[in-house]
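Every number in this text was worked out from the coordinates using simple rules, so none of it is lab data. As the structure is a computational prediction, the values presented were derived from the model and not from experiment. Here Cβ is always computed from backbone atoms with ideal geometry, including for glycine, and neighbour counts include all displayed protein chains.
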Amino acid sequence: MSIKTLPSRPHNLFPLWLSLALALLWLIIWDLDVAFQDLVYGIADMGEYLSRYGAPNLSNMSSYLHLMIQTLVTAFWGTTLAFIMAATIAPYAARQLTPNPFIYRIARELLNFMRAMPDLLLALIFVSSMGLGPLPGVLALAVHTAGFLGKFFAENMERVPAGKYEALSAVGAGFTQKIVFAAWPSMLRESVGNVLYIFDRNVRMAAVLGLVGAGGIGLELHDALRLFKYNQASALIIIILLTIIVIDNLSSWIRKVLN
Amino acid sequence: MMLSWYWPTPNGKPPLIAVLSVLVPLAVLLLTASTVDMSYNKIFYAIPRMLDFTKNLWVMPDWHYVPQLAKKMLETVEMTLLATALAILLSMPLGVLAAKNASPHPIIFRITRDLLSFIRALPELVWALVFVSALGLGPLPGIMALSLVTVGFMGKFIAESIEVVDAKAIEGLESTGCTKFQSILYAMLPQAVPDFIGSLLYILDHNLRAASILGLVGAGGIGYDMVMSMRLFNYERIGMIALSIYALVTLLDRLSDVFRQKALGGILNVH
Amino acid sequence: MAYISLTAVHKTYPNGYCALKNINLDIQAGQFIAVLGPSGAGKSTLLRAMNALDPATQGEITIDGVTLNKKNYRKIRAHVGMVFQQFNLVDRLNVMTNVLVGRLAEHSWLSSLFYLFPKTDYQIAEAALREVDLLDKAWSRADKLSGGQQQRVGIARALAQQPKLILADEPIASLDPKSSEEVLKLLRKICSEKGITVIVNLHQVEYAKQFADRIIALNAGSLVFDGSPEQLTKAKQAEIYGTTYEETSHDAELVLAYT
Ligand SMILES: Nc1ncnc2c1ncn2[C@@H]1O[C@H](COP(=O)(O)OP(=O)(O)O)[C@@H](O)[C@H]1O
Ligand SMILES: [Mg+2]
């Protein structure tokens with residue numbers, strides 16, 4: 001059944017979608033009233049502005065370092081608590097392991113709920129309800145990222161080949177036994193990767209939690225900028241940047257070692 | 001009795017690495033507990049205040065606030081979309097330069113890689129602080145901060161998805177005598193599309209949350225109203241704002257799940 | 001003068017392995033040449049040296065009076081089509097675009113940037129698709145096609161280059177017997193009707209004898225046979241594949257065909 005003429009070209013909707021997207025963006029720009037010349041001027045101004053930063057003022061170094069350590073500890077506690085919560089909820093949110101479909105839905109919804117609120121807003125709420133300090137920051141990170149980690153863990157558990165769970169069911173293993181002897185060993189590597197990723201992310205977030213009074217280095221940066229102390233601000237930015245780069249490289253090194 | 005239980009290892013003891021990976025974090029947690037105010041007193045003092053606060057939220061919503069809320073939520077969504085679109089535009093070329101197999105030169109590859117990791121190192125909010133202090137209040141500094149960090153992430157994701165494109169398709173193109181630029185356009189980019197869409201959905205999700213807090217430093221969006229209501233103990237509004245953010249984020253989450261499954265047949269896998 | 005000539009060609013891979021040893025070969029225009037030899041003999045290396053996908057490390061390769069050097073790789077490739085065992089199509093582009101890719105070498109980066117091709121290119125691509133009898137699939141995505149169809153797209157892409165030479169590296173090794181025969185018949189027809197020189201790496205001695213004008217055989221990087229199909233006796237075959245005469249039963253050929 002060979003044909004001798006080229007069939008007519010099917011309609012390609014891509015140009016249509018592209019023009020719709022561009023029209024939408026144009027509408028947004030018009031509505032937000034951000035003129036592109038503002039952006040261009042903005043970038044030009046940035047040059048002048050950045051030159052104000054000048055040499056970082058390192059005289060408060062020890063207090064900055066202390067704040068940075070507090071930031072790291074906040075991230076660490078937040079990640080650990082998130083890990084514990086996630087590990088507890090995840091098996092109920094994994095299709096092969098969950099005791100019944102109803103619990104499955106509830107666990108999934110719970111994880112979604114925890115994930116949905118941005119951690120800074122959670123921190124804001126926790127700070128107003130329990131007072132200033134790093135504790136509300138830890139809790140905000142813990143709740144928010146437990147949602148993420150729980151979802152990752154549940155997905156990892158669902159990816160484990162069904163045969164592994166069946167083999168354990170066949171010897172009469174229970175819910176916990178299946179988790180410990182089939183799920184955990186099979187998902188270990190990916191899950192370590194997930195935890196490292198969340199820790200990276202929490203360090204970044206912990207660095208700004210101070211803005212809402214939840215401890216860490218962020219408040220100091222906010223104040224330095226508000227009082228036009230550019231030299232201190234640049235010192236703070238450099239410390240944050242260096243820490244994050246070190247943590248980033250450390251976790252990618254761990255990832256490499258694990259593979 | 002106790003002594004007759006053993007681990008399934010040759011010597012019956014738990015492997016060293018397992019012991020260490022439990023004990024070391026535990027020790028760190030204990031040593032640092034005071035740094036983050038983790039103590040019985042603090043927590044038990046916090047719980048009643050927490051409950052008090054929650055009780056306060058059970059008030060009638062402030063219906064007069066609805067138009068303003070809608071306007072600010074719309075602004076948040078608009079900032080997300082505009083910043084993401086700008087970032088796509090900028091990160092395409094950077095992502096190509098930062099992909100080992102597409103980069104024109106190893107030095108260019110290294111430089112773009114490092115540039116990308118530099119700009120994504122700091123969180124949006126820090127950039128937003130800096131930009132607000134440079135350009136004044138409003139959505140513009142927020143959009144700039146958001147697109148900058150997004151370029152850092154998107155550029156990296158694009159580079160990674162180009163690097164895993166099947167070498168066979170690229171070879172097929174090169175055998176016709178086309179240039180590297182053409183093989184990037186006709187083999188690498190089309191093959192990277194599913195990965196790319198996956199990253200895009202992930203980034204949209206992330207940016208929506210980020211945009212909703214940029215207002216904390218005056219960089220536009222709903223965040224500003226959130227802090228203000230919090231400062232003024234305006235509980236009628238706090239609940240409304242939190243609920244609308246929750247609804248919006250969940251909506252996007254569901255939409256992108258549907259999109260992932262329907263449009264791409266489950267071939268995507270990001271994070 | 002011969003259309004292709006190889007003089008003292010050697011190929012040493014970066015790891016030090018010498019895959020081609022002193023190959024001297026003259027090929028006349030318009031011939032159909034089959035290259036035989038066990039796996040690892042250097043057949044692919046030979047073909048890939050001819051269009052410099054893996055350039056020879058020593059010796060000279062001249063095609064149509066032009067000697068390959070670092071500067072003219074792309075110029076040479078533009079008029080040398082290549083057909084691969086795994087088809088090497090861009091899965092996510094439609095068949096038409098995959099064929100048009102054969103025209104890219106003629107165009108500047110600017111027109112390529114917008115995925116635009118002149119009308120003449122579409123005519124060339126259409127003719128190529130008609131030649132391989134796939135006009136009806138022109139607008140389907142390449143990965144939706146069967147193996148045999150994908151290989152015909154690969155041939156159409158080569159034809160779109162308007163080549164004087166087509167190199168086919170085990171074009172049928174991933175195909176079922178029926179598609180295999182179709183593909184070889186197609187290549188033979190292209191050779192006879194258009195006068196395009198075709199060099200095909202094959203594992204099946206029977207096919208080589210049936211289709212080729214001339215048969216070349218490699219073993220461990222050296223040329224061990226060069227002659228007409230009639231000259232390739234059972235005894236010669238045994239020599240090529242390093243087996244004894246008795247072993248070269250039909251079964252052994254089948255085994256070789258699928259290694
Ligand atoms: N990139 C490479 N690096 C090192 N050795 C290679 C490479 N490619 C092929 N070889 C070796 O060269 C020899 C010839 O390979 P090839 O030409 O692919 O054989 P054939 O196509 O006849 O099966 C084999 O021994 C193979 O292992
Ligand atoms: Mg081969």
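Here are a few things to note about the model shown:
- Computed from backbone phi, the HN-Hα couplings of the stretch C:207-215 come to 4, 4, 5, 6, 9, 7, 7, 8, 10 Hz, rounded to whole numbers (Karplus: 6.51 cos²θ - 1.76 cosθ + 1.60, θ = phi - 60°; Gly and Pro given as x).
- In Hz, Karplus ³J(HN,Hα) per residue of the stretch C:28-39 (6.51, -1.76, 1.60; θ = phi - 60°; x = Gly, Pro): 7, 5, x, 8, 10, 10, 9, 10, 10, x, x, 4
- Taking amide H as placed 1.01 Å from N in the peptide plane, the amide H of C:Leu218 sits under 5 Å from that of C:Leu36, C:Gly37, C:Val224, each at least 5 places away or on another chain.
- Among A:Asp223, A:Asp45, A:Asp119: highest mean-square fluctuation, GNM of chain A, C-alpha pairs under 10 Å: A:Asp45
- For the stretch C:89-212, with +1 on Lys and Arg beta carbons and -1 on Asp and Glu, the positive-most of C:Leu159, C:Val183, C:Val90 along the dipole: C:Leu159
- In the structure shown, the pairs B:Lys180/C:Lys75; C:Lys75/C:Lys164; B:Lys100/C:Lys70; B:Lys168/C:Lys119; A:Lys151/B:Lys55; B:Lys168/C:Lys43 are assessed against 20 Å; a Cα-Cα span above that value is assigned to B:Lys100/C:Lys70; B:Lys168/C:Lys119; A:Lys151/B:Lys55.
- Overall dimensions of the stretch A:112-259 as given by Cα atoms, namely Rg and Dmax in Å: 19.9, 69
- Two-decimal Rg/Rh across chain C, once Rg and the Kirkwood Rh are taken from alpha-carbon atoms: 0.97
- Taking the centroid of alpha carbons for each part, the stretch C:109-149 and the stretch C:152-181 are 15 Å apart.
- Computed from the Cβ-Cβ distance with R0 of 25 Å, the FRET efficiency linking A:Lys229 to A:Val40 stands at 0.30.
- Choice from B:Leu30, B:Leu232, B:Leu129 with maximal GNM fluctuation in chain B (Cα, 10 Å cutoff): B:Leu30
- Among B:Ile170, B:Met79, B:Tyr202 the positive-end extreme of the charge dipole of the stretch B:64-270 (Cβ point charges): B:Met79
- 0 to 90° range, to nearest 10: angle between helix C:119-131 axis and chain C longest Cα axis: 40 degrees
- Net dipole in debye of the protein assembly as shown [+1 Lys, Arg Cβ; -1 Asp, Glu Cβ; about Cα centre; nearest 20]: 300 debye
- Here the dipole of chain C is about 960 debye; that uses its Cα centre as origin and unit charges on the Cβ of Lys and Arg (positive) and Asp and Glu (negative).
- Equivalent-ellipsoid semi-axes for the stretch A:30-104 (Cα gyration tensor, √(5λ), whole Å, largest first): 46, 28, 7.
- Value of [θ]222 nm, deg cm²/dmol, for chain A, DSSP H segments ≥ 4, -39500 (n - 2.57) each, nearest 500: -25500 deg cm²/dmol
- Summed over qualifying helices (DSSP H, 4 residues or more, each -39500 (n - 2.57)) and divided by its residue number, chain B shows a 222 nm mean residue ellipticity of -24500 deg cm²/dmol.
- The stretch C:53-68 - phi-based ³J(HN,Hα) in whole Hz, Karplus 6.51/-1.76/1.60, Gly and Pro as x: 5, 10, x, 5, 8, 8, x, 10, 10, 10, 10, 6, x, 10, 8, 5
- Packing-based exposure ordering (other Cβ within 10 Å, fewest first) of A:Met117, C:Met96, B:Met60: B:Met60, A:Met117, C:Met96
- Radius 12 Å from Cβ of B:Gly223, net charge of other residues (Lys, Arg +1; Asp, Glu -1): -1
- Per residue of A:48-58, other chain Cβ atoms within 10 Å of the residue Cβ number 1 on average.
- Cβ neighbours within 10 Å from other chains - mean over A:211-220: 2
- With Cα atoms defining each centre, the stretch C:39-73 and the stretch A:83-153 are spaced 60 Å apart in the structure.
- Shape summary of the stretch B:145-194, radius of gyration then Dmax from alpha carbon positions: 13.0, 43 Å.
- Exposed-site-free run, longest, chain B (rule: chymotrypsin sites (Phe, Trp or Tyr not before Pro); DSSP loop; at most 15 other C-beta within 10 Å): B:59-232
- Long-range HN-HN contacts of B:Gly220 with modeled amide H, under 5 Å: B:Gly138
- Peptide-level mean, for B:131-142, of C-beta atoms on other protein chains within 10 Å: 4
- Charging the Cβ of each Asp and Glu at -1 and of each Lys and Arg at +1, and nothing else, the dipole of the stretch B:64-270 about its Cα centre rounds to 180 debye.
- Our compactness index for chain B, the C-alpha radius of gyration over the empirical 2.2 N^0.38 Å, is 1.34.
- Lys/Arg +1, Asp/Glu -1 at C-beta; the stretch A:59-258 dipole; positive extreme among A:Ile239, A:Tyr104, A:Met117: A:Tyr104
- P(r) weight above 18 Å for the stretch A:39-150, C-alpha pairs, percent: 65 percent
- For the protein assembly as shown, share of DSSP beta bridges that run antiparallel, in % to the nearest 5: 55 percent
- Built amide H within the under 5 Å cut-off of C:Val200, gap 5+: C:Ile33, C:Ala34, C:Val35, C:Ala168
- Rh by Kirkwood over Cα pairs, then Stokes-Einstein D for the protein assembly as shown at 1.567 mPa s and 4 °C, µm²/s: 42 µm²/s
- Across chain A, the relative contact order, built from alpha-carbon pairs under 8 Å that are at least six residues apart, equals 25 percent.
- Sparse-neighbourhood loop sites, chymotrypsin sites (Phe, Trp or Tyr not before Pro) in the stretch C:70-136 - DSSP loop, at most 13 other Cβ within 10 angstrom: C:Phe114, C:Tyr115
- Remark on chain A: hydrodynamic radius 22.2 angstrom, per the Kirkwood mean of 1/r across alpha carbon pairs.
- Taking other C-beta atoms within 10 Å as the exposure proxy, C:Cys191, C:Cys18, B:Cys178 rank C:Cys18, C:Cys191, B:Cys178 from fewest upward.
- For the stretch A:195-259, chymotrypsin sites (Phe, Trp or Tyr not before Pro) meeting the loop criterion (DSSP other than H, G, I, E, B) and having at most 13 other Cβ atoms within 10 Å: A:Phe228.
- Under the membrane-span-like helix rule (DSSP H runs whose alpha carbons stretch at least 24 Å along the helix axis, mean Kyte-Doolittle hydropathy 0.5 or higher), chain A yields A:14-32, A:61-89, A:134-159, A:230-258.
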